[in-house]
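Report on the following structure.
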Amino acid sequence: MKLNQRRIGVAVVWTVMLAGAAGFAVLGGCGVERPRADASVNEAIADDRTIEGREAVLTVFGMSCPLCANNVDNTLKEVPGVETVSVDMGSGEVRVGLDGKTPVTRRQLARAVDRSGFSLKKVEVRP
Amino acid sequence: MSRSACAIAAAMVAVAGASVPVMAQEATHTPAATQPAAGRLYMRQKVQYVSFGDDPSPEARDITKVVSTTTLTYGLRRDTSLSLEVPMAYAAEVAHGRHATRRFGVNDISLSIKHRPWQLDLNPVDSLRLAVVGGVEVPSGDGDFSSHSFDPFVGAVFTAILGRHGVNQSIVYKFNTGGDAFNTRAGDGPDDAVRFDTSYLFRLSPVEYSAASEAATYVTLEANGLYETNGDVEVIAGPGILYEARTFALEATIGLPMVQEVRERPEVDLVVTLGLRILF
């Protein structure tokens, strides 16, 4: 009998925790407005023209820790022509420095962020 | 330890040179719905000390184990990854208070695939993710360290990162097709097993991320449960600390039995785990 009571207790505790997690997901996922990507993202995905500037500034969502940020950093650095990458996890701003010699497209940068598993929200090119 | 196991271990150390982890916001024993980027490899090393108490086997063993687990994960796509887990164990047993036995060997390795069908990144930091996992434990271990059976498993894991708070909830069902009673590896006996793990992470520092943020420190609280269809149930819970830099991470946790009703294997007294993730 004691064992059964224990098991029931454990089952209740875990049911509550699972329900809590599900509730967390529903509230977080459904109760919060899904952030929309800037129009520049759709343009970037289809843009095979070489970037004219020396720096691209990407806004990336979901980089919740230093190792995550490093993953975005490394994936972008694999794009030929990318010289430097700096990540500001607080603002989600990823500054991509280009070497100015190898042609780089916005599509390549958008694809690199996508492969890293995070959400690209905005793409800007600076001279 | 078999030669094949040595070869696997050596290969894992070798390929670790190219590893890049993204398995962050993941506590020590609770899976997270995170995975490496496409084309990336990630390695994680954990060393676990386990002290056992009452042993129901006829030998009434006094057992201490040290288990070193190496995990390699490769990102197939942005939302799908493959994992290989190789646990190696050292066990010291004293039967009837007299005969001391020391054994070292490889436990059964696991192969698994994780797919994340749902992800919602709310802002630069906050993220909600849900992943499903499936795999098989292969009878590749040495002697008593193996269950000598192919044991498939399926499960799901949910991760929520909201500001400084992170929650992971995982549930995995393992179909044990073989195995010996009185096995010291929880969930490795002849009966099916359900693992239900919960972790909470709180970021101690930095309070707010900035361009200057190079590392983060978290405190963790985990509850790791196991129910076996023979009726055995246990929940090991405890605190931990996780330090994450851009190129490496360190973790340490202590686990104590909160609930333990086991008849087919020795009870756990204490679990201490240290972990290291290195970027080369």
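The values are calculated or read from the model by the stated rules, or taken from the named source; none is laboratory data. All figures in this text were calculated on a predicted structure; none of them were measured in a lab. FYI the Cβ positions are ideal-geometry reconstructions off the backbone, even for glycines, and counts take in every protein chain you see. Ligands, DNA and RNA are stripped out before the accessible areas are found, and what is left, the full protein with its side chains, is counted by its heavy atoms. Shrake-Rupley method; radii C 1.70, N 1.55, O 1.52, S 1.80 Å.
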In the stretch A:71-127, what trypsin sites (Lys or Arg not before Pro) fall in a loop by DSSP, with at most 10 other Cβ atoms inside 10 Å?
A:Lys101
Within 13 Å, Cβ to Cβ, of B:Ser51, how many net charges do the neighbouring residues add up to if Lys/Arg are +1 and Asp/Glu are -1?
-4
Quick check: the angle from helix B:3-15's long axis to the longest principal axis of chain B, C-alpha only, nearest 10 degrees?
10 degrees
In Å², rounded to a whole number, the accessible area per residue of the stretch B:3-279 with probe 1.4 Å is 38 Å²
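How well do other chains shield peptide B:160-169, expressed as the mean number of their Cβ atoms within 10 Å of each residue Cβ?
3
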For the stretch A:89-127, state which residues have at least 50 Å² less accessible area in the presence of all protein chains than in their chain by itself, taking the probe as 1.4 Å and leaving out ligands, DNA and RNA.
A:Met89, A:Arg115, A:Gly117
Formal net charge of residues neighbouring A:Pro80 (Cβ-Cβ distance under 12 Å; K, R +1; D, E -1)
-1
Each residue of B:206-213 has, on average, a number of other protein chain C-beta atoms within 10 Å of its C-beta equal to 5
What net charge is computed for the residues neighbouring B:Thr70, neighbours being all others with C-beta under 11 Å from the C-beta of B:Thr70, Lys and Arg scored +1, Asp and Glu -1?
+1
Please list A:86-92, B:53-59 highest first by mean number of surrounding beta-carbon atoms within 10 Å per residue.
A:86-92, B:53-59
Over the stretch A:32-95, what relative contact order in percent results from Cα pairs under 8 Å that are six or more residues apart?
34 percent
Amide H contacts under 5 Å for A:Val125, restricted to residues at least 5 apart in sequence or on another chain and with H modeled in the peptide plane, are A:Val57
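Rounded to the nearest 100 Å², what is the buried accessible area between A and B, both sides summed, probe 1.4 Å?
Details: alone 8630 and 12870 Å², together 17450 Å².
Buried: approximately 4100 Å² between B and A.
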Using a 1.4 Å probe on the protein heavy atoms, what percent of the accessible area of the stretch A:36-125 belongs to carbon and sulfur?
42 percent
Give the average, rounded to an integer, of partner chain Cβ atoms located within 10 angstrom of each Cβ in B:122-133.
6
Summarise the accessible area of chain B (1.4 Å probe, protein heavy atoms) by the percent that is carbon and sulfur.
64 percent
